[in-house]
1. Just checking: which of the helices (runs of 4 or more DSSP H) contained wholly in segment 124-224 hold 2 or more residues that are farther than 27 Å from residue 88 by Cα and touching a helix residue (DSSP H, G or I) at 6+ places or on another chain (Cβ under 8 Å)?
2. Mind checking which pairs have a first residue in segment 46-70 that is touching a residue at least 60 places away in the same chain (Cβ under 8 Å) and a second that is small (Gly, Ala, Ser), Cβ under 7 Å, 6 or more apart or different chains?
3. In segment 6-27, which residue that is of a type outside the set (Ser, Thr, Tyr) and in a loop (DSSP other than H, G, I, E, B) is surrounded by the fewest Cβ atoms within 10 Å (Cβ to Cβ)?
4. Among the residues of segment 152-162, are any buried (at least 21 other Cβ atoms within 10 Å of the Cβ) and closer than 25 Å to residue 212 by Cβ?
Amino acid sequence: MKTVLITGTSRGIGAKLVKEFEKENTKVLALSRSYTKKSQQGNVTYISFDISKEKSIQRLVSFLKEQNIFLDIVINNAGKLVNASFERLSSYYLRQIFEVNVLGVFRLLQCLIPFFSEKVHVVNISSMGGIQGAMKFAGLSAYTSSKAVLISLTELLAEEYKDSQWHFNCLALGAVQTEMLLEAFPDYKAPINAEEMAKYIKDFALYQYPYFNGKILQVATTTP
């Protein structure tokens, strides 16, 4: 039975991913800062986790050691968005966005390396906004910039570990009807919902990894 770790699972695509992986008879570690404590429901372990906090990452590492857990799939889905004009974006929110979307992912993966299985597949969830040449939107300077960094990090990890059997890929998502989309575009209705996108991500993470490494796949019908 494969073990999957997913960040940002309290809502949106992350919550749907947990449900989708449950159907595949996998062990799921569902991480979110919204959970107040660790709990177990079937094959899913819900873990209170804040990717921007080193103490939280170290508690996760201790848990993995204690339970002798090795990871087959890691999905970095947690994300933070603040819709604000460039000149009014405070340094506080700028740091928060990069701590969640970039620095936390960087540090988490560093700490998870000892727990990677022989053929681990790491899937980073980015955005079409992070793709060079793709449409950009006012008010999303910090979010979009952070997602561009995540894309580059994915490519670099694939290069650094190219002599292993590990795979690092990035999905640049277009518009998906989630709470986060509403924060950025309150009046927009996306053509794809969170459940549909979660099904695609699950299939990619589980079954398509042998064909991709260091790749940035654009998963979008609109942007928005």
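1. In segment 124-224, 141-160, 194-203 are the helices (runs of 4 or more DSSP H) which contain 2 or more residues that are farther than 27 Å from residue 88 by Cα and touching a helix residue (DSSP H, G or I) at 6+ places or on another chain (Cβ under 8 Å).
2. Close Cβ pairs satisfying both conditions: 70/117.
3. That would be 25.
4. Among the residues of segment 152-162, at least one is buried (at least 21 other Cβ atoms within 10 Å of the Cβ) and closer than 25 Å to residue 212 by Cβ, which makes the answer yes.
Readers should treat all values here as calculations from the given coordinates under stated rules, not as data from a laboratory. Just so it is clear, the model here is predicted, and its values are computed rather than measured. Virtual Cβ from ideal backbone geometry, glycine too; neighbours counted across all protein chains shown.
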